[in-house]
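Here is the structure we will look at, set down as structure tokens.
The values are calculated or read from the model by the stated rules, or taken from the named source; none is laboratory data. Predicted, not measured: the structure shown is a model, and the values here were computed from it. No Cβ is skipped: glycine too gets one built from the backbone with ideal geometry, and neighbour counts run over all protein chains shown.
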Amino acid sequence: SMYRITRVDLINRLPPGTPHPLIVEVAHPGGIIPDGREVTQRVIQELIRLGIIGGVEDIVHHNYFFNSPAYVVHDHQRAGTLDALLSHFADVDIIFAGRFGEWSFFNMDDSIRSGFAAAHNALMPMKRL
């Protein structure tokens, strides 16, 4: 079922007149790969029912993909191991982003923000002391 909707234009500035891109996250049980076209049609109907879009004619493009597992699975050694890894890779200028890169329970909004921050850091690296 649909559980999160993200308007990407509210996270990142887009040129005027750009359609409002939506990311809709849909959960399904592990081990099952649903029919993406069927899920997409159900999501579109739900977006219409909720008044988020007026109708199918409002959709410029749509796509789907499966991300499994969608969230990082932690273990008991996570904290110490993560600190050591992130410190080591920071020393060699590797930038991590997203729920898997930062080993965090990010939702899609957080993952997008993390990606923008990583891109910014890659383009405008901080000066080392």
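Some values worked out for this structure:
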{"item": "Tabulated pairs, the stretch 13-28, first free of Cβ contacts under 8 Å to residues at least 12 places away in the same chain and within 23 Å of PHE106 (Cα to Cα), second in a loop (DSSP other than H, G, I, E, B) and of a type in the set (Phe, Trp, Tyr), C-beta under 9 angstrom, 6+ apart or interchain", "result": "HIS28/PHE66"}
{"item": "Enumeration of residues in the stretch 7-39 that are in a loop (DSSP other than H, G, I, E, B) and touching a Pro at 6+ places or on another chain (Cβ under 6 Å)", "result": "HIS28"}
{"item": "Verdict on ASP110 being among the acidic types (Asp, Glu), modelled with pLDDT under 90, more than 13 Å from the chain's Cα centre (by Cα) and surrounded by 10 or more Cβ atoms within 10 Å (Cβ to Cβ)", "result": "no"}
{"item": "Tally, over the stretch 9-54, of residues that are more than 30 Å from HIS120 (Cβ to Cβ) and either surrounded by fewer than 11 Cβ atoms within 10 Å (Cβ to Cβ) or in contact with a Leu (Cβ under 8 Å, 6 or more places away or on another chain) (or both)", "result": "15"}
{"item": "Scope the stretch 84-105; condition under 19 Å from LEU123 (Cβ atoms), out of contact with any Asp or Glu (no Cβ under 8 Å at 6 or more places or on another chain) and outside any helix (DSSP H, G or I); matching residues", "result": "VAL92, ASP93, ILE94, ILE95, ALA97, GLU102"}
